[in-house]
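Q: Sharing a structure with you now.
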Amino acid sequence: MVQELQQLIQVWPSISPYLSVPNTDEELDELIGFADYLMDQTKGEANHPLIGLLDLIGTLINEYEQAHIPEPGGTPLGCLKYFMEEYGLKQKDLTEIGSPGVISEVMSGKRELNKRQIKALSTRFGCSPAIFI
């Protein structure tokens with residue numbers, strides 16, 4: 001094990017930019033690019049050898065976002081519209097809300113989000129459910 005740790009110490013200077021919490025938006029963008037590359041490599045396979053690295057990179061990205069990117073405030077509908085714009089989503093992409101008719105009613109303000117929808121949206125966007133209440 002000592003030999004493996006020595007090897008890690010040797011390569012650390014070259015890999016540390018990819019295995020550290022980013023400090024700038026540019027570093028964040030690079031890390032997101034790396035995560036995208038890893039997602040392409042793993043192809044959604046839960047047992048892929050690189051899945052642990054992808055999880056680590058996701059954790060590092062999350063650390064930066066939690067510290068530097070505030071959650072949106074405002075009305076639940078305003079927050080949903082904000083997330084849709086941030087993620088480049090259209091109404092049809094919000095399948096966790098329900099049928100196209102239900103989505104349309106929510107987006108027009110005729111219907112409020114229920115507990116199931118709020119939980120699904122907070123999971124999808126990685127935010128507090130309180131945003132949608």
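The values are calculated or read from the model by the stated rules, or taken from the named source; none is laboratory data. On a predicted model such as this, the values are computed, not experimentally measured, just so you know. Here the Cβ positions follow ideal geometry from the backbone for every residue, glycine too, while neighbour counts run over all protein chains shown.
Q: Just one of Ile103, Ile51, Ile57, Ile61 is surrounded by 14 or more Cβ atoms within 10 Å (Cβ to Cβ) and in the same structural domain as Lys119 (by TED's automatic domain parsing); which is it?
A: Working: Ile51 fails: in the same structural domain as Lys119 (by TED's automatic domain parsing); Ile57 fails: in the same structural domain as Lys119 (by TED's automatic domain parsing); Ile61 fails: in the same structural domain as Lys119 (by TED's automatic domain parsing).
Criteria check complete, one pass: Ile103.
Q: Further, regarding this structure: Can you pull out every residue in the range 37-69 that is within 21 Å of Cys127 (Cα to Cα) and of a type in the set (D, E, K, R)?
A: Taking the range 37-69 and keeping what is within 21 Å of Cys127 (Cα to Cα), we get 54-69.
Asp55, Glu63, Glu65 - these are the residues of the range 37-69 that are within 21 Å of Cys127 (Cα to Cα) and of a type in the set (D, E, K, R).
Q: Related question: Scan the range 2-15 and give yes if some residue there is assigned to a loop (DSSP other than H, G, I, E, B) and of a type in the set (S, T, N, Q), otherwise no.
A: Let us first name the residues in the range 2-15 that are assigned to a loop (DSSP other than H, G, I, E, B), namely none.
Scanning the range 2-15, I find no residue that is assigned to a loop (DSSP other than H, G, I, E, B) and of a type in the set (S, T, N, Q), so the answer is no.
Q: Would you list the helices (runs of 4 or more DSSP H) that sit entirely within the range 30-133 and hold 2 or more residues that are within 30 Å of Tyr18 (Cβ to Cβ) and free of Cβ contacts under 8 Å to residues at least 40 places away in the same chain?
A: Working: elements: 51-68, 76-87, 100-108, 115-125.
It comes to 51-68, 76-87, 115-125.
Q: Right, something else. Restrict the check to the range 9-18 and report whether at least one residue is under 24 Å from Cys127 (Cα atoms) and at pLDDT 90 or above. Working first, answer last.
A: Going residue by residue through the range 9-18, those that are under 24 Å from Cys127 (Cα atoms) are none.
No: the range 9-18 contains no residue that is under 24 Å from Cys127 (Cα atoms) and at pLDDT 90 or above.
Q: So if I check each of Lys81, Lys110, which one is of a type in the set (D, E, K, R), surrounded by 12 or more Cβ atoms within 10 Å (Cβ to Cβ) and at negative phi?
A: Working: Lys110 fails: surrounded by 12 or more Cβ atoms within 10 Å (Cβ to Cβ).
Among Lys81, Lys110, only Lys81 is of a type in the set (D, E, K, R), surrounded by 12 or more Cβ atoms within 10 Å (Cβ to Cβ) and at negative phi.
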